[in-house]
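Before any comments, here is the structure.
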Amino acid sequence: MPPIDANQCRPGTKLLLEGDLYTVLERAHHKPGKGGAFVRFKLKGIVTGKVVDHTVRAGTKMEQADVTTQPMQYLYQQGDAFIFMDMDSYEQVAISSDLMGLMAQFLVESTEVQVTMYEGQAIGVQLPQKMEFEVVDTIDNAAKGNTATGATKEATLDTGFTLQVPMFIKTGDRVRILTEDGSYLERA
């Protein structure tokens with residue numbers, strides 16, 4: 001892709017800096033009283049997830065990354081890799097568990113995800129923001145009155161993931177969670 005002027009980078013733009021891929025989260029143009037204008041970015045590493053600050057002179061040419069996102073369906077786990085299928089071409093892609101991180105705890109067969117591709121390689125997976133799971137194990141004896149105090153207890157989901165849920169959740173209930181951090185959202 002052709003270079004892009006730092007002034008034209010908007011939130012969501014994908015950049016290649018020093019060999020690493022980043023998404024622009026924030027951009028601010030500054031014109032101090034003395035000296036030249038500069039652009040300050042807040043960038044998030046696409047692969048690492050690390051947020052960094054980066055400052056350049058206004059007008060600097062930035063290298064734009066040719067990153068695409070495509071819908072895929074999770075099929076199965078094979079050893080240390082998760083296998084996804086392109087919904088259009090039926091081509092299969094293996095993604096390592098290192099890249100999956102916490103998201104691996106929420107993968108259920110046939111889940112539709114967005115896979116980020118760069119130069120033919122899968123570099124990231126985005127699950128739906130909210131997902132539903134069944135509680136397979138928790139203590140079912142909530143004491144009367146505990147629900148109003150915000151008390152929580154540990155529950156295990158059908159994927160094996162454990163999280164804190166309100167006292168009124170029982171074994172067999174379906175709960176909705178945020179896949180970003182694995183936190184309880186509501187009863188489904």
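The values are calculated or read from the model by the stated rules, or taken from the named source; none is laboratory data. Please read all numbers here as calculations on a predicted model, not as lab measurements. Neighbour counts are summed over all protein chains in view; Cβ atoms, including those assigned to glycine, are modelled from backbone coordinates with ideal geometry.
General remarks:
- So E119, is it under 24 Å from T13 (Cβ atoms), acidic (D, E) and over 13 Å from the mean Cα position of the chain (by Cα): yes
- Some residue of segment 63-79 being of a type in the set (D, E, K, R) and either farther than 24 Å from E119 by Cβ or free of Cβ contacts under 8 Å to residues at least 24 places away in the same chain (or both): no
- Top-ranked residue in segment 128-139 [being buried (at least 19 other Cβ atoms within 10 Å of the Cβ) and at pLDDT 90 or above; ranked as farthest from D181 (Cα to Cα)]: V135
- Filtered by the rule that a residue be exposed (fewer than 15 other Cβ atoms within 10 Å of the Cβ) and either acidic (D, E) or modelled with pLDDT under 90 (or both), segment 111-127 gives E112, E119, G120, Q121, Q126.
- For K14, the criteria (1) within 23 Å of the chain's Cα centre (by Cα); (2) surrounded by 15 or more Cβ atoms within 10 Å (Cβ to Cβ); (3) free of Cβ contacts under 8 Å to residues at least 24 places away in the same chain hold in every case but one, which is (3).
- Contact annotation: residue pairs with Cβ atoms under 9 Å, 6 or more positions apart or on different chains, pairing a residue in segment 47-61 that is in contact (Cβ under 8 Å) with a residue 60 or more places away in the chain with a partner that is surrounded by 11 or more Cβ atoms within 10 Å (Cβ to Cβ) and not charged (D, E, K, R), are V47/L21; V47/L99; V47/Y118; V47/I123; V47/G124.
- Scanning segment 10-68 for residues being closer than 19 Å to L99 by Cβ, in a strand (DSSP E or B) and basic (K, R) gives a total of 2.
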